[in-house]
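K.L.:
Pasting in a structure now, in structure tokens, and then I'll have a few things to ask.
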Amino acid sequence: MSIQQTNMIKAALVAASLSLTAGIASAATVTFESLGIAELNALTPVSNPSPSATSPVFFDNVTGDQFDSDVRVARSVWKDTEHEDTGVYSSVQANASATFTFAGEQDRLELIWGSPDDYNDLIITLSGGGGDVVINGADVQGPIGELASFVTITDVLFTSVTFEATENAFEFANLSATPVPLPAGALLIGTALAGFGFMRRRRKA
């Protein structure tokens with residue numbers, strides 16, 4: 001292998017490393033849109049993924065309000081909407097949690113956060129031992145009378161998220177995460193290696 005080829009591989013490896021560490025170092029960006037009945041009606045309910053770990057009590061993809069005897073313990077995210085009888089949601093009860101661990105790194109999280117409250121915490125575990133980002137329900141509360149918030153978290157690399165409630169409940173729906181696309185540096189490495197293979201085949205010919 002020539003010196004020029006060696007330098008190209010080194011440059012590609014450095015580029016890949018920088019593209020990964022830059023993402024971990026960046027701060028999470030949290031945006032939200034308040035949702036009333038009209039906005040919730042316009043959405044399509046989608047089942048949440050199953051959590052990898054829970055502590056009591058957790059309702060997984062249930063429909064309608066949930067009760068303990070005659071006491072309501074979970075309020076549907078879709079209550080009073082056209083999806084009330086069909087729309088699924090999940091609920092973490094007081095002093096409980098649910099953790100969702102993903103197969104690989106993710107860089108975007110979306111969910112419908114039902115009636116955000118200051119006793120709801122969404123904990124995002126960063127990749128590479130970068131610690132946690134905690135988003136409190138008070139951070140995504142809309143005007144009084146709005147039923148929920150559509151929350152989007154970007155500009156952060158994470159491997160798992162945890163929902164915690166210290167009182168009442170934390171209801172959410174349409175939870176989804178987006179895997180990190182292949183870094184540009186990795187594409188560069190692949191292109192470089194493919195080029196070297198082509199050059200070797202030409203020499204043998």
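K.L.:
Considering only protein heavy atoms, what per residue accessible area in square angstrom results for the stretch 82-138 with a 1.4 angstrom probe? Intermediate values should be presented prior to the final figure.
P.N.:
Details: 2200 Å² over 57 residues.
Accessible area per residue: 39 Å².
K.L.:
Arranged from highest to lowest average of other beta-carbon atoms within 10 Å per residue, in what order do the peptides 159-166, 175-182 appear? Spell out each step's value before the answer.
P.N.:
Numbers: 159-166: 20.0, 175-182: 14.1.
Packing order, densest peptide first, comes out as 159-166, 175-182.
The values are calculated or read from the model by the stated rules, or taken from the named source; none is laboratory data. Fair warning: this is a prediction, and the values are worked out from it, not measured in the lab. All Cβ positions, glycine included, derive from the backbone under ideal geometry; neighbour counts span all protein chains shown. Calculation scope for accessible area: heavy atoms of the full protein, side chains included, ligands and nucleic acids excluded. Shrake-Rupley method; radii C 1.70, N 1.55, O 1.52, S 1.80 Å.
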